[in-house]
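The block underneath contains the structure these notes are about, expressed in structure tokens.
The values are calculated or read from the model by the stated rules, or taken from the named source; none is laboratory data. Here the structure is a predicted model, which is why all the values come from computation and not from measurement. Virtual Cβ from ideal backbone geometry, glycine too; neighbours counted across all protein chains shown. Heads up: the accessible areas ignore ligands, DNA and RNA and are worked out on the full protein's heavy atoms, side chains in. Shrake-Rupley method; radii C 1.70, N 1.55, O 1.52, S 1.80 Å.
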Amino acid sequence: MSDLDVREQLLQGTAPGEGLAIELVGDGDLVTADMSLSIGPAHPATHGVFRVVFEMDGERILRAKPVIGYMHRGFEKLAEYRDYRQIMALVNRHDWLSGFSNELGVALAVEQMLEMEVPERAQWIRMLMAEWNRILNHLMFIGSFALELGAITPMFYAFREREDIQHLMESATGGRLHFTYNQVGGVKIDLPRGFLAESARVSKLTRSRMPDYDDLVLGNEIFRGRTVDIGPLPTDVALSLGVTGPALHATGLAEDSRVTEPYLKYGDIDVEVPVGRNGDAYDRFAVLLGRIRVSLDIIDQIHDHMTSGPVNQKLPKMVKAPEGATYVRTENPLGQLGYWLESDGGRTPWRLKMRTPSFSNVQAIPYLVQGQLLPDAISILGSVFFVVGDIDR
Amino acid sequence: MSRTIPGTGLLKGLAVTIKHLGQRPVTQMYPHERPDLAPRTRGVIALMDENCTVCMLCSRECPDWCIYIDSHKESVPSATEGGRSRTRNVLDRFAIDFSLCMYCGICVEVCPFDALWWSPEFEYAEYSIDGLLHEMGRLREWADTVPAPPMLDVGADAPAEVVDAIAKSDKALLAASAPAVGAGAAGAAAGAAGAGALGPRLGLGPRRRSPRSTSRAARSTRRPTTR
Amino acid sequence: MTTVIAPVATLLPVFAPAESLLDTGGTVVSLLLKIAFITVMFLVVPLVGGYLEHKGMARLQNRRGPVEAGPAGSLQLVADGIKFIQKEDIIPGAADRKVFAMAPAIGLVATLLSFAVIPLAPGLFALDLELGLFYVLAISSVGVLGIMMAGWASANKFSLIGGLRAAAQLIAYELPLILVAVAVALQAGTLSLVGIVEAQQSSELFGTGISMWYVFPQALGFGIFFLAALAELSRPPFDMPIGDSELVFGYITEYSGIKFAMFLLTEYAGMILMSGLTVVLFLGGWQPLPGLDLPDGALGVLLGAGVTLGKIMLLVFVMIWVRVAYPRLREDQLQRISWTVLVPLSLVNLAVVAVGKVVAG
């Protein structure tokens, strides 16, 4: 097989990702060596210590190889030496932008093993916090994606909104990123007085500011020129690579476990899943904006449904999950988060396997960037939303 | 998606940004203006050492093992003639290494005698990492900054302690009202005092953050009367 | 380029340079005055522009911008400059040391020299060259050499791509820029920048007696010139050569300390230069309003300088505004805009102006 054949295959996305040996391309007098360009681990576009090595011919990318693991912290092993209360403080740190949703997954898993009934009010509060957390996460990615395309302002506007929401969540949980608000059987402490009124106010405020993002980013001709038809992802490829969340919804498939497999009280309210058409960078961004609006709708519904009553229950001194195993999946902001919890009946899990959305989503990057230009590759990197801690764990 | 006139998107972008030119900046002028932090903010852990019984629960539950406790036993002679003398744990050292702490709040949560509290204070950055090891005196000073906890939401259940206290005071009232009116009034007063003592911890205190002086006063009422 | 300019130049009457107010006293005094003038234009005015960028961007983004250094943060850039001077001057091991060190100076000198012919007010300029416009365009293009040298000498792949992008960008946008400038020179009948301003004062809207600046008959040209100036300065949305999310910082990636400060100063000075050129060519220079003349004497000079600087700052603000509002284009999109839209349009502009000139007189 000649080099050109290999290149042709790579461009069509059929060849497996080979090694990174520099190969010669071209013919006759125009033989040139490919350039290997390492984006990361400390590059502004990878927001974190993610690294992709591009093999390039000029500005065109022949193949890409994500290199992960720079932030491996051994979460799964650490969890085996923590009791369930300590795990709550641990798991909100792997995807630091969706701390509450991560805690929620573990709490649900333990409750499922204990066959514990969670008070209704606690479930509504958990949903409320999870949706606010989702908005926080999406705002961050709206800002950072626009920033990667060179638009600086959306980041500042997004952080203005984030500040309001973080202040709101802090008043109830005490944290701005690592909320540690869940506990097995409910939440730690009830909401402070006036929280729901404040939540409604922030929801209204955030909703009133959403058109700014439409006008500033989504409707902008330059933005459209940079994202429409860039890195389209077909649904079947997305599914075979395990892509979930906004990146999957952008391909047109509304697979959202809040709808298809409702947990908490999501079955009692209307959850709309915004979808895109062909899964390009533009669709991924549009879906993200749509999800913020949906989350705001959900929050308004939760305010109407909120019941009174207890928010937690009396726990034994040491919570011990019974022997056995369970798998819980929740719709994290970035996609499907799964926890496989296996217990031998002790105070710590015997095994806690994490299926994190970012890890699965970055698997699509080599497929998406092949044959693209460097600026488009950056646009793709920014639109496959990931958090480095969530990849490496 | 409807086709629009080319350039409208560009003009809208200009309009959105110029709209913000006239608005008030949202920047908080931090060192000049204090940030408005919620009472539940996990800023720093404060210690009220007089409440500590050296039960070591916090130290054992800490996921980072960043709490250091030293103590010795002391024997207390019996108050009554011929009674057995009792031993008591005396706290010698209580230190939290904030360079290790991950601010999870488990120690505050597990403390059975309300010796550990969260304070929203956050200005204790140091040039040297050793400075982040706060010994007992420093932790005690933070206790002056602990705000009163916010009241709970209207839909919330009253905390178990409040329910207990109310039941207890009702019982005292009931018992006191039978023999004499005067004793009943005393009992009611005692019950009210008890509820007041529990108040700040259980979400019945004022919502706003108390200034230092009131906080100190509130703390003194909160001190359990162990002696 | 000379083939375009030369026939125009032959049409011109014998050139008598305008009297500069700085030509007072002896040769030494006048030389010092001129050096002072250029230094102020190069060092002080860009600082004001930079401050405007800091504050303007901040306010457009609902922030405050610098607040601590000096009153309302006005000395932030000075503080930055002091910091840059103190920093270690790092040269990468694999870099071509001589070229690496020379690169920032070349861009800086090119911009510095260009300021010699920009008039601020009647009589307030260092030089009135017969070929002033030609001189500015020619000298300012030299700056890209520095950028390419920086990109090559840094021995960094990001720098290299950035340098090449800058070169491609400059070639693409120099052409519409010059074609539009030619149209202005054609209408004014002179290449002297002072002459162009004076021609605008006396120009009328096709014999109606209404005074006007060249921005009105040549609105298209004005738009093209401003766009091309943005691209030439690598200002957003045309900042691909330094596109920070792709190329880290493009050709400046490896620079630090005082050399970095020189690139930064060149960028701000370039903004002032291009805005100044736009004001002179299209916005009537020191004239406050079309048809409104300045009073004579010292007051007129002061007022004129104020008006010119005000107009420059207005254009700088528009540059900032555009930066805040838009994402970055892609290199091929930028090239397409230049070759398929701007160059044909600027040729149309030139043809229309030429026909208008012949018809009108």
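Axis angle, to the nearest 10 degrees, between helix C:45-60 and the longest C-alpha principal axis of chain C: 70 degrees. Between B:A46 and B:W117, B:W118, B:S119, the built amide H atoms are under 5 Å apart, and every one of these is 5 or more places off in sequence or on another chain. Its DSSP H runs of at least 4 residues, each contributing -39,500 (n - 2.57), put the calculated 222 nm mean residue ellipticity of chain C at -21000 deg cm²/dmol, to the nearest 500. For B:L152, the residues whose amide H sits under 5 Å from its own are A:R193, ignoring neighbours fewer than 5 places away on the same chain, with H placed 1.01 Å from N.
Explain nothing, just the number: relative contact order of chain A, from Cα pairs under 8 Å at least 6 residues apart, as a whole percent.
Working: 766 pairs, mean separation 94.1, N = 393.
Once divided by the residue count of chain A, the mean separation gives 24 percent.
Equivalent ellipsoid of chain C: semi-axes from √(5λ) of the C-alpha gyration tensor, largest first, are 33, 25, 20 Å.
With all protein chains present, how much of the accessible area of the range A:64-199 (probe radius 1.4 Å) comes from carbon and sulfur, to the nearest whole percent? Intermediate results must be reported in sequence, preceding the final value.
Numbers: 2060 of 3530 Å².
Solvent-exposed carbon and sulfur of the range A:64-199 make up 58 percent of the total.
Residues of the range A:138-162 whose accessible area (probe 1.4 Å, heavy atoms of protein chains only) drops by at least 10 Å² once all protein chains are present, relative to their chain alone: A:L147, A:E148, A:L149, A:G150, A:A151, A:I152, A:T153, A:F156, A:Y157, A:R160. Here the Karplus curve 6.51 cos²θ - 1.76 cosθ + 1.60, taken at θ = phi - 60°, turns the phi angles of the range B:109-121 into couplings of 5, 7, 4, x, 10, 6, 8, 10, 9, 8, 10, x, 4 Hz, with x standing for Gly and Pro.
Would you mind telling me the share, in percent, of accessible area of the range A:236-389 contributed by carbon and sulfur at probe 1.4 angstrom? Don't skip to the answer; put the middle values down first.
Values: 2630 of 5250 Å².
Whole-percent figure for carbon plus sulfur exposure: 50.
In the range C:60-76, burial by the other protein chains removes 30 Å² or more of 1.4 Å probe accessible surface, compared with the chain on its own, from C:L60, C:Q61, C:N62, C:R63, C:R64, C:E68.
Per-residue shielding of A:120-129, expressed as the average number of other chain Cβ atoms within 10 Å of the residue Cβ, stands at 1.
Remark: the range C:149-165, residue by residue, has Karplus-estimated 3J(HN,Hα) of 4, 4, x, 6, 6, 5, 6, 9, 5, 5, 4, 4, 4, x, x, 5, 4 Hz, where x stands for each Gly or Pro and the curve is 6.51 cos²θ - 1.76 cosθ + 1.60 at θ = phi - 60°. In this structure the amide hydrogen of A:L62, modeled in the peptide plane, comes within under 5 Å of the amide hydrogens of A:E55, A:M56, A:D57, A:G371, none closer than 5 places in sequence on its chain.
Separation of the range B:1-41 from the range C:31-81 is 24 Å, based on Cα centroids. For the range A:68-87, accessible area lost to neighbouring protein chains reaches 20 Å² or more, against the chain alone with a 1.4 Å probe, at A:R82, A:R85, A:Q86.
Taken across both chains, chains A and B shield about 3400 Å² of accessible surface from a 1.4 Å probe. In summary, the helical segments of chain A meeting the span-like criteria, namely a full DSSP H run, a Cα extent along the axis of 15 angstrom or more and a mean Kyte-Doolittle hydropathy of at least 0.5, are A:99-114.
Contact order for chain C, expressed relative to its length and based on alpha carbon pairs under 8 Å spaced 6+ residues apart, stands at 24 percent.
In chain C, what percent of the accessible surface is made up of carbon and sulfur (1.4 Å probe, ligands and nucleic acids excluded)? Don't jump to the answer; show the numbers that get you there.
Values: 10700 of 14610 Å².
Within chain C, the accessible surface is 73 percent carbon and sulfur.
Averaging the Cα positions of each part gives two centres, and for the range A:344-378 and the range A:53-94 these lie 8 Å apart. Buried area at the A:C interface is about 2400 square angstrom, summed over both chains, from accessible surfaces computed with a 1.4 angstrom probe. Within 10 Å of the Cβ of each residue in A:41-47, the mean number of Cβ atoms contributed by other protein chains is 3.
To the nearest whole percent, what portion of all C-alpha pairs in the range A:75-392 is separated by more than 25 angstrom? Across the range A:75-392, Cα pairs with separations above 25 Å total 48 percent.
Surface burial for C against B, with a 1.4 Å probe and both sides summed, reaches about 1400 Å² of accessible area. Counting, for every residue in C:243-256, the Cβ atoms of other protein chains within 10 Å of its Cβ and taking the mean gives 4. The residues of the range B:1-68 expose, per residue, 57 Å² of accessible area to a 1.4 Å probe. Between the alpha-carbon centres of the range A:222-284 and the range C:308-360 there is a gap of 40 Å.
Counting each DSSP H run of 4 or more residues in chain A as -39500 (n - 2.57), what helix-only mean residue ellipticity at 222 nm follows after dividing by all residues, to the nearest 500 deg cm²/dmol?
Working: 16 runs with 181 residues, N = 393.
Result for chain A, helices only: -14000 deg cm²/dmol.
Karplus-derived 3J(HN,Hα) values for the range C:313-328, using 6.51 cos²θ - 1.76 cosθ + 1.60 with θ = phi - 60°, are 5, 4, 5, 4, 4, 4, 4, 5, 4, 5, 4, 5, 8, 10, x, 8 Hz; glycine and proline are entered as x.
Before I look further, what does chain A give for accessible area per residue, probe 1.4 Å, in whole square angstrom?
Details: 13420 Å² over 393 residues.
Heavy-atom accessible area per residue stands at 34 Å².
With all protein chains kept in place, the per residue accessible area of chain C amounts to 40 square angstrom at a probe of 1.4 angstrom.
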